[in-house]
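What follows is calculated from the coordinates using simple rules that are stated; it is not laboratory data. Bear in mind that the values here come from a model prediction, so they are computed numbers and not experimental data. Glycine gets a Cβ as well: all are built from the backbone with ideal geometry, and neighbour counts include every protein chain shown.
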Protein chains: 2
Amino acid sequence: MLQFSLKAANVRALPSQLLVEPAPTHHSPTVLRLSPRSTLFLEGYARAPQYRVVEGCVALSQSLSDGRRQIIDMIGPGRMVGIGVGERNRCSAETLSYVTLEAIDSVDHAELERGLEEMVLRAQAHATLLGRKTAPERVASAILDLADQFLRPSRGCKRNTICFNLHPTRGDLADWLGLTVETVSRCFTRIKKAGLIDFNHPEIVTLLQPATLAEIAAGSRAIDNTNQA
Amino acid sequence: MLQFSLKAANVRALPSQLLVEPAPTHHSPTVLRLSPRSTLFLEGYARAPQYRVVEGCVALSQSLSDGRRQIIDMIGPGRMVGIGVGERNRCSAETLSYVTLEAIDSVDHAELERGLEEMVLRAQAHATLLGRKTAPERVASAILDLADQFLRPSRGCKRNTICFNLHPTRGDLADWLGLTVETVSRCFTRIKKAGLIDFNHPEIVTLLQPATLAEIAAGSRAIDNTNQA
DNA sequence: CGCTCGGTTGATATCCCTCAATGAACGTGG
DNA sequence: CCACGTTCATTGAGGGATATCAACCGAGCG
C-alpha cells in the first residue's frame, strides 16, 4: 500500500527512561538533567509541564496509528517546551542529547505569547518545507536551522568555519523532514561532495559555504555536482 | 530539476482586489465583506490587522521564490486571521469565497493565547499530514477538516447526510496538501467511486461514510476500490 | 567476540508529478 | 444568439524523485 511503511517511521525500542529527578541547585529555578532518548511527555496523556531548554536538543513528535512518525519541531537552548501542545498532549517530547531543563512555574502573558508565536512561525515554515521542498532543499534547510540553534558550544573547529554538533540522528532528521534515513544520508553525501559542508563523524558538521546552502534551502539554486573530488 | 515546477504551485494572475472598504453596520464591530480571491494581506509586508471570520473561507499561504506555494491553513467561521503571522507577515491571506470579517481592535490575553494555540495545534497536525500521509489520506483529512469548519450553511442535502460547500478549488487543495491538482482530482474520484463521498458539482460534497473517511484520514485503513459501479 | 545500532551505498519499485488533451461552465463582445 | 477565451476539473500516458529492500561497515558494549 504505502510508500511509507513502519520502517520509514524509525520506530524505536522504547524511551530509555521516563523521568529523571531534579538535580540539586543553589537557588530558585528547578533544574533537570536528562540523558539522550528520555521522554519528557507522551502524546495523548495529561497536560505536559512546561520547561525552558538550557542546553541540548528536544524533539516534538506525533505518530500515526501504524507507527509513522513526524517530528514537528526541534527545540534548542532558550526555547520553551510544553507550550502549544493542547490539553491532552498532541505531541510527545523526547531528548535527542543530554539536556538541561529549567522548570517554568509561571509564564507571563507576553512571554507565553512570544513562545506560541515562535511555535506557529516555525510550524508554518516547516509546513512549506514538507509540502513543497525537494529532499536536498529540506536537508539544507535542516542543517542551517540546527546550525542556528546549536552553534554555541563548539564554535570554530577551524578559523572562519562554523562547526557544530548535529544532535538528531539521520533517522530523526528523516522523521523531521518527511523523508527516509537513506534519502537523508544520500543528501548529506551529495552536499558534502559539492563542498558545502564537511564531516568525518556524521554528528559533527562543518559549514563550508553557508550562503550557498541557504540558497539551496530557499529553493533558488540547485546542488552543483560537477565538483566531484 | 524539481518535481515541483511553477505549474505545481498554481500561480494565479493576481489578487482581484487588494482591499475593500468596510460596509456600514448598525453598531460597534466594524464588518468587512470581501469577494473571493481578495487579498487580506501579503507575505513580507507590515504587520497585518486582525480579524475574526464570520462567514466564508480564508487561506493562509507562503511562497518560495520560484512560485511554489504552500497553503498553511484554511480558516473558517469563528477563527481569527492575522495572529501568529510574525512582525513582517510570513504569510499571505486570501479569501477563497465571499467572506464576512469582523475587525478586532483589542484581544484579551486569554483569547489571543487560545487562538495561537489553535494555530499551533492545527499546524502540527498539518505537518504530520504533509510529512507522513499518502495522497488519499491527505485528501480524506482535508474533506473532514473542511466539513467540520464549513458544515453550517447547507446542512443535510438529504436526510442523514452531511453536505457542504467546499470553498477551495482543486488547485487550492493541492497547495494545501502538498500535492498537484491532478492528484487531488484523482483522489476525489477514487473516494467517490468507493462510495465514501458524492458530488456532481465539484464544490458541493456530500459525506456518505464519514467514519470510514476518518479511518482513511488517520491512516488506519486503505480505500476500498472493489466497489466499482 | 558477537551483538546491536547507526550510517552509507546500490538496485529496484512505486507513488505521484509532468505533460497533454478534453469537456463543462462562465463571461465577453460581436 | 453564438463564437471565443478563460478557468476549473477530469482523465490518460509516461517519467522521475524518492521509497523500499538489501548488503556492508564501523563503533560501542556486554
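Some points to look at:
- Taken residue by residue and averaged, Cβ atoms of other chains lying within 10 Å of the Cβ of B:63-70 number 5.
- For segment A:183-191, 3J(HN,Hα) computed residue by residue from phi via the Karplus equation (6.51, -1.76, 1.60; θ = phi - 60°) reads 5, 4, 4, 4, 5, 4, 5, 4, 5 Hz, glycine and proline entered as x.
- Applying a threshold of 27 Å to the alpha-carbon distances of A:LYS133/B:LYS193; B:LYS133/B:LYS193; A:LYS133/A:LYS192; A:LYS192/B:LYS133 flags A:LYS133/B:LYS193; A:LYS192/B:LYS133 as lying beyond it.
- Over all other residues within a Cβ to Cβ distance under 13 Å of B:LEU166, the charged ones net out to -3, with Lys and Arg as +1 and Asp and Glu as -1.
- Less than 5 angstrom separates the built amide H of B:GLY219 from none of the residues sequence-distant by 5 or more or on a different chain.
- Alpha-carbon centroid distance for the pair segment B:174-199 / segment A:66-87, whole angstrom: 30
- Overall form of segment A:87-150 per C-alpha gyration tensor (a/c, 1.5; a/b vs b/c): prolate
- Each copy carries a label point for A:LYS192 at 7 Å from Cα along the beta-carbon vector; from one copy to the others these points are 5.0 nm apart, nearest first.
- Note on B:111-120: average number of Cβ atoms from other chains within 10 Å of each residue's Cβ is 6.
- Amide H partners (placed H, <5 Å) of A:VAL54, local residues excluded: A:GLY78, A:THR100, A:LEU101, A:GLU102
- About its Cα centre, the dipole of segment B:18-125 is roughly 340 debye, where the only charges are +1 on Lys and Arg Cβ and -1 on Asp and Glu Cβ.
- A:ALA46 sits among other residues whose Cβ lies under 11 Å from its own Cβ, and their net charge, with Lys and Arg +1 and Asp and Glu -1, is +1.
- Neighbouring partner chain Cβ atoms per residue of A:93-101, average, 10 Å criterion: 0
- Rounded to the nearest Hz, the phi-derived 3J(HN,Hα) couplings of segment A:63-77 under the Karplus curve 6.51 cos²θ - 1.76 cosθ + 1.60 (θ = phi - 60°) are 10, 7, 4, 8, x, 4, 10, 10, 7, 7, 7, 10, 10, x, x, where x marks glycine and proline.
- Inter-copy separations for A:SER65, label at 7 Å along Cα-Cβ, nm, ascending: 4.4
- Distances between equivalent label points of B:GLY86 across the copies, with each point positioned 7 Å along Cα→Cβ, amount to 2.6 nm, shortest listed first.
- Proximity of backbone amide H atoms, modeled 1.01 Å from N, is registered between B:LEU96 and B:ARG37, B:CYS57, B:VAL58, B:ALA59 at under 5 Å, excluding neighbours fewer than 5 places apart on the same chain.
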